[in-house]
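The structure appears right after this line, and notes come after that.
The values are calculated or read from the model by the stated rules, or taken from the named source; none is laboratory data. In this text, all values refer to a predicted model and were calculated from it rather than measured experimentally. Note that each Cβ is placed from the backbone with ideal geometry, even for glycine, and that neighbours are counted across all protein chains shown. These accessible areas exclude ligands, DNA and RNA; they are computed on the full protein's heavy atoms, side chains included. Shrake-Rupley method; radii C 1.70, N 1.55, O 1.52, S 1.80 Å.
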Amino acid sequence: MNKELIINASEEGVEIALLEDKRLVELHFEKGQNDFAVGDIYLGKVKKLMPGLNATFVNVGYEKDAFLHYTDLSPYLNSLSKFTREAITGKPSWGNDFSNFNVEKEIAKNGKITEVFNQKPEILVQILKEPISAKGPRLSCEISLPGRFVVITPFNDVVAVSRKIHAADERKRLQKIVESVKPKNFGVIVRTAAEGKSTTELHNDILELAATWAQIQEKLIDAKAPQIILSEQGKTNSILRDLLSADFQRIVVNDKAIYNETREYISRIAPEKRDIVSLHTSSMALFEQYGVSKQVKSSFGKTINLNSGSYLIIEHTEALHVIDVNSGTRSAEAGQEQNALATNLEAAEEIARQLRLRDLGGIIIIDFIDMKLPDNKKQLLDAMETLLKYDRAKHTILPISKFGLMQITRQRLRPELNIVTAEMCPSCKGSGIIGPSILLADDIEKDFQYLLNQGHKNLSLQVNPIVKSYLTKGGIFSSIKWKWFWKYKVNVAIHADINAPLTQYVFIDKRTDDIIKL
């Protein structure tokens, strides 16, 4: 699979398109001010305890207080509180060597929020979910710092290996390497990208993340809540960190600063891939040249058409998303059951793409075309699981129910991407209504008479072809055009414009070819 990253910078921000085999599968927007992004670390202040919810609201500087539930506190909350409190003083008991930190007793797994926050302290928190709709950010006290090959978690010494690495020998190798090189008081989660990597590569990644934790300690000195302590790197570098692999063939950027930043980042994490970054200098718009704009227009909206003639209907409600699969004009020569299976498999591929592209989250209900054979239902389930293995969001897929419905839950971290692809009607200007067509000829004549009174004698008229036929029907003796001639003693040339809406018309001065504004 060939992957390409197309990065389009504009005054509004940065648009990032991920293409897999030329197909758009992810689209990200990074605004100029991208505060409260997933992964950002803040010094927050506990504001209001909610015993009924077993949660608390925390002020992190957003217009609405952020939400922190007990289950997101981390077993090492006491250690985090101690770290935050002492780091702010600038004279922590462990000095500058975090391996000397004395880890505190873990909190109860099923405790009460009032037991751990009996006052309103300042606490280090990480954005778990971005602000969505009328809700503020959701927070976590389980601080994690992601690298390319590993993720480190302070205050514990646990080493875990990604379940997506299936080979037992490789899992043991990675576990042994990480346990031998990791600093004390840091837990490490080995990512899938670490498979096959050397001790040096893993060690360097861990040391770089440990240095980031040291920077957090420095930034906490004399900090006052609410205050941002560490901002997650830009989406460009975040995507590269998570996805960069041998499959990446091209990264195209149209901004020199982002080009230099991306090239420097790639040189640091994967020097052998440095040359895949290129600067776009063509006069053609970047998204136009690589077909991104056209794919955006065809991939968003309520109806998604598939190549075979079948189509999807995607509906959104407050609680869930519903996707309906329709066979449309697809041929049914192979029989109803086989036709249903073929349509469903084609739809599954597009649905997997739509989940990533629109970043749909929460509960997704898919109404596939009914199939009777259990083997076909199992084949469809297996296909969906395979198609979603490239999805970075956590998800769960349930087998097809007896009603023919597939249920998927997908992690929701940021607002759903919803792009309006419809364009305003040039005739009605979005109102849904136009002026009475029966009066169109009268309106044209009034404007014609006004221009004649203003001294314009050499005029031509551009109208929709249907209107031209109406104005010239009947020839020299009875057409509306010639009635105007006999009435005003001025001949106006009428031209058809196939792009003109039905009720739109313009007068042009034939001497200068200028459109006359009325």
message = Need the C-alpha centroid separation for segment 254-287 versus segment 321-370, integer Å.
response = 37
key: Percentage relative contact order, the chain, counting C-alpha pairs under 8 Å, at least six apart   = 12
ask   = What is the distance in Å between the Cα centres of segment 441-462 and segment 133-194?
value = 76
key: Nearby aspartates and glutamates by direct alpha-carbon distance to Lys82 (threshold 17 angstrom, same-chain neighbours under 8 apart not counted)   = Asp97, Glu104, Glu106, Glu115, Glu122, Glu142, Glu218, Asp222
message = Are there DSSP H segments in the chain that both extend 18 Å or more along their axis (alpha-carbon positions) and score a mean Kyte-Doolittle hydropathy of at least -0.5? List them, or say none.
response = 77-89, 199-219, 440-453
Globularity index of segment 342-395, i.e. its alpha-carbon radius of gyration over 2.2 N^0.38 Å = 1.14
inquiry  = Suppose we take every Cα in the chain and form the convex hull; what volume per residue is that in Å³?
reply    = 236
query = Can you pull out the trypsin sites (Lys or Arg not before Pro) in segment 279-329 that DSSP calls coil and that have at most 12 other Cβ atoms within 10 Å?
reply = Lys302
remark   = With DSSP loop assignment and no more than 10 other C-beta atoms within 10 Å, the trypsin sites (Lys or Arg not before Pro) in segment 466-518 are Lys489, Arg511, Lys517
note = By the Cα gyration tensor axes a ≥ b ≥ c (a/c under 1.5 gives rounded; else a/b larger than b/c gives prolate, otherwise oblate), the shape of segment 45-172 is oblate
query = Rank Asp40, Asp370, Asp447 by accessible area, highest first, at a 1.4 Å probe radius?
reply = Asp370, Asp447, Asp40
query = Ignoring any ligand, DNA or RNA, what whole percent of the accessible area of the chain comes from carbon and sulfur when the probe is 1.4 angstrom?
reply = 51
request  = For the chain, give the share of DSSP beta bridges that are antiparallel, in percent and rounded to the nearest 5; count only bridges with both residues there.
outcome  = 75
remark   = In segment 453-517, lysine pairs 8 or more places apart or on different chains with C-alpha atoms under 23 Å apart total 24
note = For segment 300-361, the per residue accessible area (1.4 Å probe, Å²) is 44
query = Once both labels are modelled 7 Å past Cα along the beta-carbon direction, what's the Ile419-Ser401 spacing in nm?
reply = 3.3
ask   = What do you reckon, how do Met1, Met371, Met50 stack up by accessible area (1.4 Å probe), largest on top?
value = Met1, Met50, Met371
task = Give the cross-link partners of Lys176 among the lysines, using a straight C-alpha distance below 25 Å as the criterion and excluding same-chain residues fewer than 8 apart.
result = Lys164, Lys184, Lys197
key: Links that overshoot a 23 Å alpha carbon limit, given the list Lys48/Lys109; Lys48/Lys129; Lys3/Lys273; Lys120/Lys394   = Lys120/Lys394
message = What do you get for GluC sites (Glu not before Pro) in segment 1-56 restricted to DSSP loop and a cutoff of at most 16 other Cβ within 10 Å of the site's Cβ?
response = Glu11, Glu12
task = For the chain, give the magnitude of the charge dipole about the Cα centre (Cβ charges: +1 Lys/Arg, -1 Asp/Glu; no others), in debye to the nearest 20.
result = 580
